[in-house]
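The numbers here are math on the coordinates, done by the rules we state, and not lab data. In this text the structure is predicted, and so the values were computed from the model without any measurement. Methodologically, a virtual Cβ is constructed for each residue, glycine included, from the backbone with ideal geometry; neighbour enumeration extends over all protein chains shown.
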There are 2 protein chains.
Amino acid sequence: MTYTIGKVARIAHVSVRTLHYYDAIGLLNPSYETPSGYRLYVDSDLELLQQVLFFRSLGFPLGQIKAIVQSPAFDRRKALEAHRTALLERRKAVEALLAAVGHTIEAMDKGETMDTTTMFDAFDERALEEHRTKYADEAKQRWGTTDAYVESQRRTSKHTKEDWKRIQQEGAEIREGLATLMDHSPTDRDVQTLVKRFHEYMSTNFYACSLEMLSGLGDMYVSDPRFTATYDKVRPGLATFLRDAIKIYCTGNAT
Amino acid sequence: MTYTIGKVARIAHVSVRTLHYYDAIGLLNPSYETPSGYRLYVDSDLELLQQVLFFRSLGFPLGQIKAIVQSPAFDRRKALEAHRTALLERRKAVEALLAAVGHTIEAMDKGETMDTTTMFDAFDERALEEHRTKYADEAKQRWGTTDAYVESQRRTSKHTKEDWKRIQQEGAEIREGLATLMDHSPTDRDVQTLVKRFHEYMSTNFYACSLEMLSGLGDMYVSDPRFTATYDKVRPGLATFLRDAIKIYCTGNAT
DNA sequence: CATATACCATGACGTTGCGTCATAGTCAAG
DNA sequence: CTTGACTATGACGCAACGTCATGGTATATG
C-alpha cells in the first residue's frame, strides 16, 4: 500500500509543504516515486513520520529529531533529559521577562508617567531589585531572617512621585560629580567623599546597604550591561571607575 | 557631541551590526552623517537607543518597539499588559512541553525500551493523560474529590512491561476490528459490541471511564491530532467512525 | 608623505520551520 | 478532450541579528 503526499498529509495532519520540507532536509524521504516524479510513501514511512511528529510535539528541533530517528543506537533517554534541561532554562528565561515586565508596570504606577528619565529608572531599578533580592535571599539562607527584605520593601515602596524625582536628581548629580573627577585616581579624597555620599544615597533611598552589598553593587555596575550603559553614557569608563572607587572605599572602611 | 557607530556600540553594549540593522529597519536612524557616509549619533539618539534596549530587554519584538518609542501617544501601559499576557502564554506552552517530556521519560522507564510501538503509546498516552487530568480536575471541582485521579494513578502505574505489551496488543486488535467494519453503519450490532469492548478495555487498563468521559474521549479522537493520526493510520476515517459509534453507544446506554 | 592600522560602509548568506504564492506538469472523471 | 484536483520545483518572507567578504576612510607613525 502506497500513499501520495496529499493522503499522507491528511492522515498525519501535517501540510504538504511540511512533507516537502522534510524530504528536502533528508528527515523523511519517501521510499518510492512514480515515473512522473510523484512521491510515494509506504507504511514504514508513515511510522517514521509518527516518530518525527512525536519528537516535534516535545519541542525538539528537526536537526536533533533527524539524529534521533535515524540512528537506532541514539540514546533517546539522554536526549530527553537534555531537552528537559533546555526547556527548564527556557522557562526560567520567560519568568525573568515576566518579572521584568511586572516591575516595569509597578514603576509606572509609581511615576504615573513614562518620560525618558523615568524610563532609565525603571531600567536600572529592575537590576537593583534583582541585586537586592539576591542578597536578601542569601541573607535569609545564612541568618534565617527576612528582616533585610522587609526593611527594604518599606524603603522603596514609600516613595512618592516627588521623592522619585528628587532621588533621580541626586543620582544624576553624583554621576556627574564622579565623571568630572575621573581624571583623578579612584583613591582621591574628593572621589572617596562622593562614594560615601553614594553609599548614604543608596542606604537612604533604596535599602540598607552593607559594605559587602555595596561592593557587590560595584561589581554589578561593570558586569550588568543595564547599569554599565547608564553610567558609561555619562562618560565612557565611568562604571569601571566607580567600581574601583567603591572597592577602595569598602576596603578602607572595613572593620 | 557626536559619536561614531563604534563608540555608540561600546557605550550601549550592543554590536555594530545591531546598530546597522536598527538603522536599516528605521528603528534608530542616526541624526547626522559625515561627508564620507559615516553614521553620526547624538545624545538624543543615545537616549532613544536606551529606550529601545529597555523594551528589548522586556522581550518586545522590534516592530512593536518601533511603534512604542516613535509615537509618544502610544499607550505603553496597555502594551505592557498585553505583553505580559503573551509571556504568560509562552510560559504555559513551555510548561506543556515540560509535562510532555516528563511523561515520555516516565513511559520509557516503564517500557525500558523505545521501539516503534511503545513510541505510539507514549504519544497517545500523553493525550490520554491530559484528558483524564482534565476530567479529574472537573470532578474535583464538582465533587470535591480526587478519587478519580488517585484511582487512575493506581491503575496505570501498576502495569508491568508485560502488561503494556498486552494492552497495546488488545488496542491494536480493537482498532483492526473496527477498521474492517467501517463499511457498516456505526449503529451496527458488531460495531457496538466492539465499542463496548473498547469501553471495558479503557476502564480496565486506564481509568474508570464514565459514559460522559467516554464521549469526551470520542470527541478527542477527532479533534486531537495525536489520536487522529494513530487511528487514521490504520484506516483513514477511522477516528471519526469510532467517535460516531461511541456517541451512539453512550446514547443507547444512558440511564 | 607613504604606509600600516583601526574603523567605517554596503552586500549578502545563514539560521528555524515552514506559509504562501507562482508556474507548470499529471491524472482521473465526464 | 477539457476540466478540476493533485503534484512538482523554485523562490520569497519572517526575526534579529552573526559572520564573512570586499573595499573605502581616518589617523598615527616612521
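If we count other beta carbons within 10 Å of each Cβ, what is the order of B:S203, B:S15, B:S215, fewest first?
Lowest count first: B:S15, B:S203, B:S215.
So what's the projected area for the stretch A:2-74, the Cα convex hull averaged over all directions, in nm²?
4.7
Between copies, how far apart are the A:A99 label points? List them in nm, one decimal, shortest first, with each point 7 Å from Cα toward Cβ, please?
Ordered by increasing distance: 2.5 nm.
Calculate one ³J(HN,Hα) per residue across the stretch B:205-220 by plugging θ = phi - 60° into the Karplus curve 6.51 cos²θ - 1.76 cosθ + 1.60, and present them in order as whole Hz with x for glycine and proline.
Values, residue by residue: 9, 10, 7, 3, 10, 5, 4, 5, 5, 4, 4, x, 4, x, 4, 5 Hz.
Of the listed pairs A:K161/B:K66; A:K66/B:K78; A:K233/B:K78; B:K66/B:K92; A:K92/B:K233; A:K165/A:K247, which have alpha-carbon separations greater than 31 Å here?
Beyond 31 Å between Cα atoms: A:K66/B:K78; A:K92/B:K233.
Got a sec to turn the phi values of the stretch B:188-201 into Karplus ³J(HN,Hα) couplings, 6.51 cos²θ - 1.76 cosθ + 1.60 with θ = phi - 60°, whole Hz, x for Gly and Pro?
3, 4, 4, 4, 4, 4, 5, 5, 4, 4, 4, 4, 5, 4
Which whole number gives the average count of other chain Cβ atoms within 10 Å of the Cβ atoms across peptide B:236-243?
Whole-number average of other-chain Cβ neighbours for B:236-243 is 1.
At R0 = 60 Å, how high is the FRET efficiency between A:D244 and A:K78 if r is their beta carbon distance? Nearest 0.05 is fine.
Taking R0 as 60 Å, the efficiency between A:D244 and A:K78 is 0.85.
Could you give each residue of the stretch A:81-97 its phi-based ³J(HN,Hα) in whole Hz, using Karplus coefficients 6.51, -1.76, 1.60 with θ = phi - 60°, and x for Gly or Pro?
Whole-Hz 3J(HN,Hα) from phi for the stretch A:81-97: 5, 4, 4, 4, 4, 4, 5, 4, 5, 4, 5, 4, 4, 4, 5, 5, 4.
Could you please rank A:L97, B:L211, placing first whichever residue has the fewest other Cβ atoms within 10 Å of its Cβ?
Fewest to most other Cβ atoms nearby, the residues stand as B:L211, A:L97.
Work out, in µm²/s and without decimals, the Stokes-Einstein translational diffusion coefficient of the stretch B:187-247 at 4 °C, 1.567 mPa s, Rh from Kirkwood over C-alpha pairs.
In µm²/s, the coefficient is 111.
At B:R56 and A:Q70, where each label point lies 7 Å from the Cα along Cα→Cβ, what is the point-to-point distance in nanometres?
Distance between the two pseudo-spin positions: 3.6 nm.
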